[in-house]
Amino acid sequence: MQILAMLTMLIDHIGVMFFPDSPWWRILGRMAFPLYAYALVQGYHYTSNIKRYWIRLSVIGAVSQLPFYLAFRGEDINVVGTLLISLTVLLALDRTATKAAAIAVAAAGFILLEVVPFDYGGYGLLLVLLFRYCRSGWIIPLHFVLNVVFIFYKGWLLQIFSVIATAWIVYRPRFPDRLGKVKVPRWLWRSFYPAHLLVLACINYLLEAAA
């Protein structure tokens, strides 16, 4: 899953930066975020030290911000920041005593992600919550509904293809998964996001300078 997540994210960002008129790069790239959101939920569930996990994600997000800015030249906070807020919400939800408090926590996280320009915004949190709390039989249809809502809310038409990744997550245990057995070194998994953004930004700069 890690290899697929990194590969589809790379494809997505290549499409954004170098082939903006071709939708196929973005369609393939739509698989990336659900895989990372699911990985966050799995990491939260299985980590032996949640504090260290939170700090590590914070460091990756901070290190990634400059490469993110250089690559896309926008003012959004990179997607690791979105995942960090989502992780914080998961921590808070596990410490709430009532449903009303849980709804208030989730709503506060959603509003924060929408008001402050985080990459993927509140959509990212909702998808993380879906993976965390929904039964497997409901995950695909609810993700589809979420995408339809965001088509009308933000015009994210291509995001509908991200359901493919969710279907792969849900049904993957039923099929042989040789790719999933490949162990990705921790240093590669943790450094890939900022490193690939920096490399793409440098390539883009060189192409612009040569034009």
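Data for the structure
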{"read-out": "Options (i) 60, 39, 38; (ii) 58, 51, 26; (iii) 57, 36, 30 - which one matches Cα extents along the principal axes in Å as calculated here", "value": "(i)"}
{"read-out": "Counted charge near residue 157, where neighbours are those whose Cβ lies closer than 13 Å (Asp, Glu -1; Lys, Arg +1)", "value": "+3"}
{"read-out": "Apportionment of accessible area to carbon and sulfur, the chain, percent (1.4 Å)", "value": "68"}
{"read-out": "GNM result for the chain, Cα springs below 10 Å: residue of 127, 200, 91 fluctuating most strongly", "value": "91"}
{"read-out": "Per residue solvent-accessible surface (Å²) - the chain, probe of 1.4 Å", "value": "56"}
{"read-out": "Residue 156 long-range amide H proximity, modeled H, under 5 Å", "value": "151"}
{"read-out": "Radius 15 Å from Cβ of residue 34, net charge of other residues (Lys, Arg +1; Asp, Glu -1)", "value": "+2"}
{"read-out": "Dipole of the chain, positive end: most advanced residue of 170, 153, 103 [Cβ charges, Cα centre]", "value": "170"}
{"read-out": "Amide H contacts of residue 77 (H built 1.01 Å from N, under 5 Å, at least 5 apart or other chain)", "value": "118, 119"}
{"read-out": "Helical segments meeting 20 Å axial Cα length and Kyte-Doolittle -1.0 threshold in the chain (DSSP H)", "value": "2-18, 32-46, 50-72, 79-93, 99-115, 136-154, 186-210"}
{"read-out": "Using a Förster distance of 45 Å, the FRET efficiency for residue 92-residue 148 (Cβ separation, nearest 0.05)", "value": "0.95"}
{"read-out": "Stretch in the chain that is longest and holds no trypsin sites (Lys or Arg not before Pro) that DSSP places in a loop and that have at most 11 other beta carbons within 10 Å", "value": "1-72"}
{"read-out": "Cα-centred dipole magnitude for the chain, charges only on beta-carbon of K, R (+1) and D, E (-1), debye, nearest 20", "value": "940"}
{"read-out": "Cα centroid separation, region 103-133 to region 1-50 (Å)", "value": "18"}
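The values are calculated or read from the model by the stated rules, or taken from the named source; none is laboratory data. Quick caveat, the model's predicted, so the values are computed rather than measured. Glycine also receives a Cβ, built like all others from the backbone with ideal geometry; neighbour counts cover every protein chain displayed. Please note that ligands, DNA and RNA were not included when accessible areas were found on the heavy atoms of the full protein model with its side chains. Shrake-Rupley method; radii C 1.70, N 1.55, O 1.52, S 1.80 Å.
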